[in-house]
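Student: Take this structure first; my questions come after.
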Amino acid sequence: MSFLMSLLVVLHLIFWAVALGTWVAAARTRQPNPGMAHAVAGAVVIGIVMAVLISIPGLLPWEPNHMKLGIKLLVGLVAVALAYIAKKKGPETSSAVWFGIPTAIVVNVVVAVFV
């Protein structure tokens, strides 16, 4: 089970990195790559799978921090919504939506590391 969790964590981080990288690549033109929205959604789905697995009683020697998981889920869903809005609107995406995407991604990673 340890290998599976490690593999899921690596995939989760790769998805977030791809999402942030595709945003940076499109930042100048504001023409979002569809892969950005898919990467954010993939990161959230893998995060949900990990949350379910670590919530199984007796699987871990410690109790999972459900508050942290809830905050990460909420911020992840915001990132998904913003990414799909940007994908739909294309270059006409408002600044609040466009700059909300990397903000949500970075906040999610900061919560993961420091909370």
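The values are calculated or read from the model by the stated rules, or taken from the named source; none is laboratory data. Please read all numbers here as calculations on a predicted model, not as lab measurements. So basically every Cβ, Gly included, is an ideal-geometry build from the backbone, and we count neighbours across all protein chains shown.
Student: Filter the stretch 41-68 down to the residues that are surrounded by fewer than 13 Cβ atoms within 10 Å (Cβ to Cβ) and charged (D, E, K, R) and list them by number.
Tutor: Passing the criteria: only 63.
Student: Still on this structure, I have one more. For the stretch 76-115, how many residues are charged (D, E, K, R) and closer than 15 Å to residue 24 by Cα?
Tutor: 1
Student: Please give the number of the condition residue 60 fails out of (1) within 26 Å of residue 1 (Cβ to Cβ); (2) modelled with pLDDT under 90; (3) part of a helix (DSSP H, G or I).
Tutor: Residue 60 satisfies every listed condition except (3).
Student: Taking the stated definitions as given, is residue 78 of a type outside the set (Gly, Ala, Ser) and under 15 Å from residue 108 (Cα atoms)?
Tutor: yes
Student: Something else about it: For residue 76, state whether it is closer than 21 Å to residue 18 by Cα, in contact with a Gly (Cβ under 9 Å, 6 or more places away or on another chain), in a helix (DSSP H, G or I) and among the small types (Gly, Ala, Ser).
Tutor: Here the answer is yes, as residue 76 does meet what is asked.
Student: It is to be established whether one or more residues within the stretch 44-54 are at positive phi and out of contact with any Asp or Glu (no Cβ under 7 Å at 6 or more places or on another chain).
Tutor: Scanning the stretch 44-54, I find no residue that is at positive phi and out of contact with any Asp or Glu (no Cβ under 7 Å at 6 or more places or on another chain), so the answer is no.
Student: Suppose we filter 17, 43 for residues that are touching a Phe, Trp or Tyr at 6+ places or on another chain (Cβ under 9 Å) and at pLDDT 90 or above; which single one remains? Break it down stepwise before answering.
Tutor: Values: 17 fails: touching a Phe, Trp or Tyr at 6+ places or on another chain (Cβ under 9 Å).
Unique residue meeting the criteria: 43.
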